[in-house]
Amino acid sequence: PITPAMERRRIRAEHAASWCGRLRGAVTVTAFIAGARFVAVIGRVPGPIAWLGGSTWQCPVLRRSRAKNLRNWRSARLALDVEAETSAPPRMEEFAQDDSDVYLARLEEFAARGEVDAMEDLLYDMVDEGEMPGVAHYNVLIRGCAPVKNFDKAERWLFRMKALAVEPDIHTFNALIGIVATNGDLEGAERWLKQIQDAGLQPSLETFRLLLNAARVGRQTMAMEAWIERMMEGGITPDVACINEVIGAFAEAKRMRKVEEWLAIMQQTLRITPDVESYNLAIGGYAETGDLSQAERLMQEMLDAGLQPDARSYTLLTGDGSYGRDLAVVKTWSERLKTSGVDVDASSYRAVIGAWAAAGHADEAEDWFARMVKEGKATTEALALIVDTLVLSGGAEGFETAQAWVDEVRTAGVEPTPAVYAALASADVFRGDFEQVEARLQQMEAEGVEMDADSLAALLLSYANAEPPQSQLAEQVFKQQMLRGRIRASRQLMEALRAAVGGSRCLSLRRELKLFTSPQGEAAAPGPGPRRGLNTAVDELYGKDGKPLSYARKQWAHLRPTSALPEKPFQWE
């Protein structure tokens, strides 16, 4: 097992590579590592085999092999600097440490994108160029592991910085708490809080906010009030971000009385002015419960408080198409968004397009998508949504319009995804014309786009809607794709399989292939959430009469029927 001392020697040897950078290429050394000792066989330099003992600073320099696509140590090279034989080992503080340097800025850029491998490479480049990473550099790298939820790698870098005698500070521990918070691991966050106290550090306001976020993600609403009390007992007054975590947790649990209670505590007891996010969380909670009158009341209260609602404030009222909204509500708040002058981001555009599509107005949805394209904010998700809407509601003319939008967006540099190809085939899916769906997906793969869960679900639904249903074909295609190991078994995909092969056979295939639905936070997570397009979501499996609905029939109910696509009965096993 690797001990801290061994890790410290290895990393210090790495830093020594830049310290001895003035070495010339006349010396070739091959190194063999055995425990903490280095054996060097000197090449063109006369002399016997040199046993390199405790200090690796005297003459050898451990270099890192940069094999393509490999980031582990594949080989070790030693270089000999005759002048360094009598030199004293450099102290760690001799390396430059400037927390505002260009390396820190680049690490921040990579962290924002979650590119952990690029951050590690940049840290090694610092070492190669003679720069010693400080605690701020390690903090950014550890924090960058949060978007990808790679806690093991973050903990490994904590171990390395300790091995290099770089003491972690409160920001280091906050970054680690932030990673476990993304998984809703409140117990893990509490363990790191204990380590903060054991290290003699004082928890900060950000520490408690991250703890509240961990409780919110883990849906432990009752623990949040206790943590607010605990942080106030410790002399730390919560800010608006902390209270927003509490409001958001109760709003997501649809406990609107507690939401109103905390809005009152926030203003009357804590003397904290709610911000736009505070109102958005409460508005979203009322919208999820279907109480739009209360949501509109909070919207007006926000305006009366002198706050400028953002685009999300309006789209919470219009909805995103996941659940039906009254046409008058969609029209009113989409028009107010248009005239408000606020910046409409891509996600807000997608929400309004989905709201109009669910209301059965493909023309209005297309107008909003045209605005989105004009502003250069088109996304593949919005493209799949508008294509699906036009194809299902406009017959042959709608298909031509949808294809024109695909071509225009592609010209702008946005390549179609499998969801877009599945949307183009949505009419064929509804008809049960599985041969046309197969042909379109074959064309997709010929253009270099691999099948994913969206396109596979569309294909399975075309088998389900066929006359007669093609259950054997559906089972064969499903098994073939799952055995390739490139597609996750999401809830939508499993519902499509059940529609095609029946409930009992679907369960047998899940057991045979050892399939599980996606974990919380992905497509199969419980509770409402934004959909990736009308052609991929299954939100309601049963109609008002209690009978199951197929995916295509469920979506068709929201759109205007045309003579080109007559509705037909669906056989559910």
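Structural remarks
- Pairs are defined by a Cβ separation below 7 Å, a sequence spacing of at least 6 or placement on different chains, a first member in region 184-207 that is at negative phi and free of Cβ contacts under 8 Å to residues at least 60 places away in the same chain, and a second member that is of a type in the set (S, T, N, Q) and open to solvent by 60 Å² or more (accessible area, probe 1.4 Å); the pairs so defined are Leu186/Gln220.
- Pairs where the first residue, in region 104-128, is at negative phi and the second is assigned to a helix (DSSP H, G or I) and open to solvent by 50 Å² or more (accessible area, probe 1.4 Å), C-beta under 8 Å, 6+ apart: Ala111/Arg143; Leu122/Arg106
- Residues of region 448-479 classified as of a type in the set (Gly, Ala, Ser), without any contact (Cβ under 8 Å) to a residue 40 or more places away in the chain, crowded, with 18+ Cβ neighbours inside 10 Å and closer than 25 Å to Glu415 by Cα, total: 2
- Taking the numbered list (1) in a loop (DSSP other than H, G, I, E, B); (2) buried (at least 23 other Cβ atoms within 10 Å of the Cβ) in turn, Lys377 passes all entries but (2).
- Every condition in (1) touching a Leu at 6+ places or on another chain (Cβ under 9 Å); (2) assigned to a helix (DSSP H, G or I); (3) not β-branched (Val, Ile, Thr) is met by Pro133 except one, and the failing one is (2).
- Region 332-362: number of residues that are under 21 Å from Gly394 (Cβ atoms) and touching a residue at least 60 places away in the same chain (Cβ under 8 Å): 7
- Residue match in region 409-423 (condition: within 17 Å of Trp368 (Cα to Cα) and among the small types (Gly, Ala, Ser)): no
- For region 207-239, the set of residues classified as within 20 Å of Gly178 (Cβ to Cβ) and either open to solvent by 40 Å² or more (accessible area, probe 1.4 Å) or assigned to a loop (DSSP other than H, G, I, E, B) (or both) consists of Arg209, Arg216, Val217, Gly218, Arg219, Gln220, Arg230, Gly234, Ile236, Pro238, Asp239, listed by residue number.
- Residue tally, condition more than 15 Å from Asp363 (Cα to Cα), touching a helix residue (DSSP H, G or I) at 6+ places or on another chain (Cβ under 8 Å) and of a type in the set (D, E, K, R), over region 377-429: 5
- Any hit, region 125-138, residues being in contact with a helix residue (DSSP H, G or I) (Cβ under 9 Å, 6 or more places away or on another chain), open to solvent by 50 Å² or more (accessible area, probe 1.4 Å) and modelled with pLDDT of 85 or more: no
- Pairing residues of region 276-303 that are more than 16 Å from Ser322 (Cβ to Cβ) with residues that are basic (Lys, Arg), at Cβ distances under 7 Å and at least 6 apart in sequence or on separate chains, gives Asn280/Arg312.
- Some residue of region 78-97 being surrounded by 14 or more Cβ atoms within 10 Å (Cβ to Cβ), at pLDDT 85 or above and not in a helix (DSSP H, G or I): no
- Residue count for region 417-447, restricted to those that are assigned to a loop (DSSP other than H, G, I, E, B), open to solvent by 10 Å² or more (accessible area, probe 1.4 Å) and under 26 Å from Ala378 (Cβ atoms): 2.
- Considering only residues in region 167-185 that are crowded, with 20+ Cβ neighbours inside 10 Å and more than 16 Å from Lys149 (Cβ to Cβ), the one that is nearest to the chain's Cα centre (by Cα) turns out to be Asn174.
- In the set (1) in contact (Cβ under 8 Å) with a residue 24 or more places away in the chain; (2) open to solvent by less than 70 Å² (accessible area, probe 1.4 Å); (3) part of a helix (DSSP H, G or I), Phe159 fails one condition alone, (2).
- Output for region 393-411, where each listed residue is open to solvent by 10 Å² or more (accessible area, probe 1.4 Å) and closer than 17 Å to Ile353 by Cβ: Ser393, Gly394, Thr401, Ala404, Trp405, Glu408
- Residue in region 161-171 that is at pLDDT 90 or above, closer than 26 Å to Gly248 by Cβ and not hydrophobic (A, V, I, L, M, F, W, C) present: yes
- Per the conditions (1) more than 28 Å from the chain's Cα centre (by Cα); (2) over 23 Å from Pro416 (Cβ atoms); (3) assigned to a helix (DSSP H, G or I); (4) of a type outside the set (Val, Ile, Thr), the sole criterion not satisfied by Glu495 is (1).
The values are calculated or read from the model by the stated rules, or taken from the named source; none is laboratory data. Since this is a predicted model, take the numbers as computed values, not measurements. Neighbour counts run over all protein chains shown; Cβ positions are idealised from the backbone, glycine included. When the accessible area is computed, the model is the full protein with side chains, heavy atoms only, and any ligands, DNA or RNA have been set aside. Shrake-Rupley method; radii C 1.70, N 1.55, O 1.52, S 1.80 Å.
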